[in-house]
Amino acid sequence: MKRILSPSILAADFKVLGEQIRTCQENGAEYLHFDVMDGMFVPSISFGLPVLESLKGATNLTLDVHLMIVEPIRYVEEFARAGADILTVHYEACKDLQATLDAIHACGVKAGIVINPATDVEVLRPYLHQAEMFLLMSVEPGFGGQAFIPHSFDKIRTLREMLNVQGVETDIEVDGGICHANVKAVLDAGANVIVSGSTIFHGDIAKNVTGYLELFREA
Ligand code: DX5
Ligand code: ZN
């Protein structure tokens, strides 16, 4: 499967956001991970619609929007209008997940479903044909820079196997605590979309991105 790097701008320097995004794009990243936090579903508050709106058209990267908000169905249309290419919603945050996925698709946007570290991948079984991407959190959502939870490897393997049995090649994205030292194991387990915040934006961005892409070719 095609391997894709999705730099998470949560770790970017917002004084020079445009420049940092350009560096990601010029060095081969294909997605841009955009973490929306509401202070309810997760304890912190990040950024939202106006920031996304200003990125729309300013970059060719696929805008990969991770909604860490309660009842995301309320905002699906607005995020679609603001430029989201993929809208990923938490299983734990939706009263009616199917209706939320339908609302995303009705806007012509790809839908992703994300589960927290403590949520069993079995909950995804009824939705295996309903989403274009599954996102497994490998840290508790809410903050960048946390350590990867090793149990995530089993979850990635189990989900990839569930998808294989169904004969579908859906993207599995993994988010949290990924670094150059563990990314090969994450890919080997069956993930193909890699989110990274601090290990891209803290330091030499060009070098960090190309380092990931070299590892993608080797894994
Ligand atoms: C955490 C966010 C992540 C975060 C990852 O709630 O969903 O996308 O930016 O950051 P790192 O790569 O630093 O763990
Ligand atoms: Zn995220």
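Laboratory data are not the source of any read-out in this text; all were calculated from the coordinates shown. Everything numeric in this text was worked out from a predicted model, so none of it was measured. Reconstructed Cβ throughout: ideal geometry from the backbone, glycine too, with neighbour counts over all protein chains shown.
Any idea how many residues of the stretch 138-166 are among the charged types (D, E, K, R) and more than 12 Å from T119 (Cα to Cα)?
4
Let me confirm something: among V65, V51, which residue is in contact with a strand residue (DSSP E or B) (Cβ under 9 Å, 6 or more places away or on another chain), surrounded by fewer than 19 Cβ atoms within 10 Å (Cβ to Cβ) and not basic (K, R)?
Step by step, each of V65, V51 is checked, and only V51 is in contact with a strand residue (DSSP E or B) (Cβ under 9 Å, 6 or more places away or on another chain), surrounded by fewer than 19 Cβ atoms within 10 Å (Cβ to Cβ) and not basic (K, R).
Find all pairs meeting these conditions: Cβ atoms under 6 angstrom apart; at least six residues apart or on different chains; first residue within the stretch 138-154 and closer than 20 Å to H202 by Cβ; second residue of a type outside the set (A, V, I, L, M) and away from ligand 2 (no atom under 14 Å from the Cβ).
Cβ pairs passing all conditions: G142/P43; F148/N182.
Can you name the residue in the stretch 10-40 that is surrounded by 20 or more Cβ atoms within 10 Å (Cβ to Cβ) and of a type in the set (A, V, I, L, M) and, of all such residues, is nearest to ligand 1 (Cβ to nearest atom)?
L10
Mind telling me which of the residues G39, G28 ends up being away from ligand 2 (no atom under 16 Å from the Cβ), more than 18 Å from L87 (Cβ to Cβ) and among the small types (G, A, S)?
G28
Could you tell me which of the residues A131, A118, A84 is buried (at least 20 other Cβ atoms within 10 Å of the Cβ) and either within 16 Å of ligand 1 (Cβ to nearest atom) or of a type in the set (V, I, T) (or both)?
Only one candidate passes the filter, namely A84.
Failed condition for R125, given (1) surrounded by fewer than 18 Cβ atoms within 10 Å (Cβ to Cβ); (2) within 16 Å of the chain's Cα centre (by Cα); (3) charged (D, E, K, R), with all others met?
Every condition holds for R125 apart from (2).
Would you mind telling me which numbered condition in (1) more than 14 Å from the chain's Cα centre (by Cα); (2) of a type outside the set (A, V, I, L, M); (3) under 24 Å from L67 (Cβ atoms) F143 fails?
F143 satisfies all of (1) more than 14 Å from the chain's Cα centre (by Cα); (2) of a type outside the set (A, V, I, L, M); (3) under 24 Å from L67 (Cβ atoms) except (1).
Please enumerate the residues belonging to the stretch 200-214 that are surrounded by 19 or more Cβ atoms within 10 Å (Cβ to Cβ) and away from ligand 2 (no atom under 14 Å from the Cβ).
I205, N208, V209, Y212, listed by residue number.
If you scan the stretch 134-152, which residues turn out to be surrounded by fewer than 14 Cβ atoms within 10 Å (Cβ to Cβ) and within 14 Å of ligand 2 (Cβ to nearest atom)?
G145
Hey, among P72, P43, P7, which residue is under 26 Å from N208 (Cα atoms) and within 16 Å of ligand 1 (Cβ to nearest atom)?
None of the other options fit; the residue is P7.
Give the number of residues within the stretch 120-157 that are closer than 17 Å to E169 by Cβ and among the hydroxyl-bearing types (S, T, Y).
1
Restricting to the stretch 1-53, and then to whatever is part of a strand (DSSP E or B) and polar (S, T, N, Q), can you tell me which residue is farthest from A93 (Cα to Cα)?
S6
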